[in-house]
Amino acid sequence: QVQLVESGGGLVQAGGSLRLTCAASGRTFSSYAMGWFRQAPGKEREFVARIRWIGGSTYYADSVKGRFTISGDNAKNTVYLQMNSLKPEDTAVYFCAARERLGTRSLSAPGEYDYWGQGTQVTVSS
């Protein structure tokens, strides 16, 4: 089975930066897209960013646009999330996700992804 493992989370002050990494392990597979979601206690899991390997198309939630950058290595099924100008409202558990089949252009809904990591905590203090 495919496993996704996130790393790079931590505690930072508002205005700081973090870089998250998601790497796949387990059986070899070819992802169509990989993305990041986040979830705060008591809230729904929300879309953050994704990269569709074909064309290198990226898409961001309005709340992080201009501050976060998603990138990766398709051959390695590895994705990164560079987070700059962090705000307290960015505090959440960040999850990596991968979709194996071709799909919609947006790919911003959790249900559109096949595999998930366990999450990494990001805490931004004021």
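The values are calculated or read from the model by the stated rules, or taken from the named source; none is laboratory data. Source: prediction; values computed, not measured. No Cβ is skipped: glycine too gets one built from the backbone with ideal geometry, and neighbour counts run over all protein chains shown. For the accessible areas, the whole protein counts, side chains as well, though only heavy atoms, and no ligand, DNA or RNA atoms are used. Shrake-Rupley method; radii C 1.70, N 1.55, O 1.52, S 1.80 Å.
Computed about its Cα centre, the charge dipole of the range 80-126 is approximately 100 debye, with only Lys, Arg, Asp and Glu carrying charge at their Cβ. Between Gly42, Met83, Ser31, the Cα set farthest toward the positive side of the dipole of the chain (charges on each charged residue's Cβ, about the Cα centre) is that of Ser31. What the phi angles of the range 33-44 give under the Karplus curve with 6.51, -1.76 and 1.60, with θ = phi - 60°, is a coupling list of 7, 9, x, 10, 10, 9, 8, 9, x, x, 10, 6 Hz, glycine and proline written as x. Taking amide hydrogens as placed 1.01 Å from N in the peptide plane, the amide H of Thr78 sits under 5 Å from those of Asp73, each at least 5 positions away in sequence or on another chain. Using heavy atoms of the protein chains and a probe of 1.4 Å, the accessible area assigned to Asp62 is about 130 Å². Note on Val5/Ser126: beta-carbon distance plugged into 1/(1 + (r/R0)^6) with R0 of 41 Å gives a FRET efficiency of 0.90. Note on the chain: dipole from Cβ charges, positive end direction compared against Gly55, Ala97, Gln1; the farthest Cα belongs to Gly55.
About its Cα centre, the dipole of the range 33-76 is roughly 40 debye, where the only charges are +1 on Lys and Arg Cβ and -1 on Asp and Glu Cβ.
Rounded to the nearest Hz, the phi-derived 3J(HN,Hα) couplings of the range 7-18 under the Karplus curve 6.51 cos²θ - 1.76 cosθ + 1.60 (θ = phi - 60°) are 8, x, x, x, 9, 9, 7, 3, x, x, 10, 9, where x marks glycine and proline. For a quick check of your reading of the filter: which trypsin sites (Lys or Arg not before Pro) in the range 48-126 sit in a DSSP loop and have no more than 16 other Cβ atoms within 10 Å? Hits after loop and neighbour filter: Lys65, Arg67, Arg101, Arg105.
Close amide H contacts of Arg50 (hydrogens built in the peptide plane, cut-off under 5 Å, sequence separation of 5 or more or a different chain): Trp36, Tyr59. Measuring nothing but how far apart in sequence close Cα pairs (under 8 Å, 6+ apart) lie, relative to its length, the chain scores a relative contact order of 36 percent.
Starting from the 7 Å offset along Cα-to-Cβ, what nm value, one decimal, do you get for the label separation of Glu46 and Phe29? Once both label points are built, they end up 2.7 nm from each other.
In a DSSP loop and with at most 15 other Cβ atoms within 10 Å, the GluC sites (Glu not before Pro) in the range 1-104 are Glu44, Glu100. Under the convention that each Lys and Arg Cβ holds +1 and each Asp and Glu Cβ holds -1, the size of the dipole of the chain around its Cα centre is about 200 debye.
The residue list Ser126, Gln13, Tyr115 was ranked by how far each Cα lies along the charge dipole of the chain toward its positive end, using unit charges on Cβ atoms, and Tyr115 comes out on top. Across the range 68-81, coupling constants 3J(HN,Hα) worked out from phi with the 6.51/-1.76/1.60 Karplus curve, θ = phi - 60°, read 10, 9, 9, 8, x, 10, 4, 4, 9, 6, 10, 9, 10, 9 Hz, and Gly and Pro carry x.
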